1. Can you list which of the DSSP-assigned H helices in chain B have a Cα extent of 20 Å or more along the long axis and an average Kyte-Doolittle score of at least 1.6?
2. Among B:SER7, B:SER211, what is the fewest-to-most ranking by other Cβ atoms within 10 Å?
3. Taking only the Cα atoms of region B:33-242, how large is their convex hull per residue, in Å³?
4. Which of the peptides A:53-66, B:19-32 is most tightly packed, and how do the rest follow, going by the mean number of other Cβ atoms within 10 Å of each residue?
5. How much of the calculated P(r) for region C:59-261 lies past 22 Å, in percent of all Cα pairs?
6. List the residues whose amide H sits under 5 Å from the amide H of A:SER135, counting only those 5 or more places along or on another chain, with H placed 1.01 Å from N in the peptide plane.
7. Find the centroid of the Cα atoms in region C:155-217 and in region B:23-83, then give the distance between the two in whole Å.
8. Once you keep just the Cα pairs under 8 angstrom separated by 6 or more residues, what percentage relative contact order results for chain A?
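Each reported figure results from applying straightforward, stated rules to the coordinates on display, with no laboratory input. As the structure is a prediction and not an experimental result, all values here were calculated from the model. Here the Cβ positions follow ideal geometry from the backbone for every residue, glycine too, while neighbour counts run over all protein chains shown.
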Amino acid sequence: MAGNAVVSVQHLNKVYQSGTRRVEAIGDLNFDVEAGDFTCIVGPSGAGKTTLLKCLSGLLAPTSGAILVNGHAVAGPPAEMAVVFQEYGRSLFPWKTVRENIELPLREKKIAKAERTRLVDEALAAVALAGAGDSYPWQLSGGMQQRVAIARAVAYQPKVMVLDEPFAAVDAQTRADLEDLMLRLWSELDLTVIFVTHDIDEAVYLGHRVLVLSSSPTRILDDVRVDIPAPRNQATTRIEPQFADLRTRIYRGIQEAKSAARVTKEPIKG
Amino acid sequence: MARHLNSAGGFLLLAILWEAAPRLGLADPRFFPPFSALVGELFKLAGTQEFWAYFGSTLRTWAIGLTVATLSGVIAGLVIGLVPGARKYTHSTIEFLRPIPSVALIPGVILIFGSRYQSGVVLITYAAFWQVLLQMLYGLSDVDAVARDTARSFRFSTTGFIVHVAWPTLLPFLFTGVRLAASIALVLAVTAEMVIGSFGIGRGIVVAQTSDAIPTMYALVIVTGLMGIAINVAARAIEKRVLRWHPSVRNAVAA
Amino acid sequence: MGRFAGMILRGAVIELALPLALFALLFVASAHSSNFYFPPLAKVLDRFDALWLGQRFVGDVLPSLGRLILGYLIACLAGIAIGLPIGMYRPLRRAAEPVLEFFRAIPPPALIPVLVMLAGFGDTMKIAVIVTGSVWPILLNTVEGVRSVDLVLDETCRTYQIKGLSRLWHFVLPSASPQIVVGMRIGLSIGIILMVISEMFAATNGLGAAIIVFQRSFEIPEMWSGVLMLGLFGFALSLAFRLFERRTLKWYYGMRDLERRS
């Protein structure tokens, strides 16, 4: 385990068993995430991305192997981790205002009222929703709701932020804005981010490292260092030649993964 | 297997407690005869003619009341739901009359019918009617919505519409209404017997209590519970058979 | 401005048309009634004015209301307090379900003699009757509401360390509240019915008692005035409940209205 690793996945294995059907979602995963890194995880659909995420965030227990966060083994959701889910609509409490939603995890942490207010205000400003504090989540658009979820994660001041295909359910324009928001937050707040996505372009645009997963039983197919120069922006970064190269490399990897899956008789289940 | 044990476990625990408490003096055996005594009394009753007379009377009142309530509810529902504008105009009247408890009719019904079974029938009809009516109205407004969406695309004839769209949409609501009405009908049948003194299980319970036949009293109460369960189970079973092909409609879990 | 006022006026006319027509019809039809059991509406109204807007209100309506509110509140607390654990823990629910099914199938009036045996004919008995009847819809709907909590929200709570009482207060209860309120509404109707039944059965004081006493002494216009009072009583309570519902479930209705419009 590298000295600076915040998250360490060691021989992660997850098997789903129902009756006589046995699906090995994750075969043998090993990787470390360094502090301050922006790691993207891509893979073909059914590659066990969701399973990996659930294991990482302590929502699902692995069959074997270990996940360490900050050196401690994960036995349940670790307190130093914040998760942003794909279904933003269902991850925000509809009976609470935006402000109350963001504040709730802070209350659990027993943070004093004045400090809480400050954190919430800062988080709202960081996601450009300073005026939406007293609205209810369902009064906001999809993109804004996801921003609230991100603000909540940010205000929580986690060591690691995990995002599960967070922009899959928003339109392309909103997605571009949210991607830039993530980059900005990451650099300003010095976060460690693990970002799961099915969108290769997004993975290369955002990530400084992209892990390519195989189909089940999932392993790491490729570990790509993305050293496109900062600062990144939607207009120019995507037409950099490096971008295209990396993109192609990852795309080919995924295609291989998919054809490998077709050869095996195991049903592709994630 | 474990699951069934689990379910039976609750009952078993209750039975054991009920048996032990009076025997150990934790509960006054005059007021809480042991469970075995109640079960024994239940079997004894089943052999008497008097019990079956009570039972038959309650059942008759219930059945007639439910039928009248259902028919009037369906007809009123159809009229209000289908006649254009009727829903608007009747809304306030329905909202005012609905919360009036059926028991308000008790004095009036005593005056007219005395303690004959018709008293119970009227009470049942008044209370159960609302359940059927409301469900009919919900169902018809659903039909409305479906009609608007599909009529244009499928161009149904009127008969075709009724058979293929209206009726199947309405049916689950009707069943829910009748099921709720059936429960309420039992409650009011017993009420009429207790308060008005009509012949039936309700009166049997009162008589047993006043003549200090406590095990009999409890046994009859248990019978009403069993009747309630039987009605509910039967209603749900029929509903399931008929609506096998229909996605279930989620409703309030009424008492 | 004129159009808005016109809209309100039209709405009011539609709402009031049928009730007023029925009232007028009843009034006229019964005006010359010589039927002992169905006196002219005018006479009933006269009695109503004389009786219920004065002494009787304090002497009968208020005690009835008091018993109802007390019984209903106990039923709400008990129903929610018992329904919560049953809804949240499956083994508990499986064990409790058959027992609960049985007890809730017993028509509440059937338990009145049992309660009379235990508690006599006073206020305690009447409150107990209300509780035993009203608690069921509240309890069952609480169980139902607690069972179906959103999975994503549950995962959110877990990742943000929201557990135990916090989870109950911030997540489970509000999530279940629309369903619980449905149960509370049914419980209120049942409570009113049982309030009246218990008072008719053990006629010491109260609205139900007054009505049945009038009936027994054949004071018919007075009896009908009592029935009218009961109707208003039920109607007023249902309005009060609706206000409560609208305030507590403000978020829920807002959300649904938005969905419906989109």
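1. On the way: long enough: B:2-23 (31 Å, 0.55); B:49-82 (49 Å, 1.09); B:117-154 (52 Å, 0.57); B:167-191 (35 Å, 1.63); B:214-242 (42 Å, 1.20).
Taking the DSSP H segments of chain B (at least 20 Å long, mean hydropathy at least 1.6), we get B:167-191.
2. Values: B:SER7 17, B:SER211 10.
So the ranking, lowest neighbour count to highest, is B:SER211, B:SER7.
3. Convex hull volume per residue, Cα atoms: 142 Å³.
4. On the way: A:53-66: 18.3, B:19-32: 13.5.
Packing order, densest peptide first, comes out as A:53-66, B:19-32.
5. Numbers: 11464 of 20503 pairs.
Of all Cα-Cα pairs in region C:59-261, 56 percent lie more than 22 Å apart.
6. When sequence neighbours closer than 5 places are left aside, the close amide H contacts are A:VAL98, A:ARG99.
7. Spelled out, the Cα-based centre of one part sits 24 Å from the other.
8. 26
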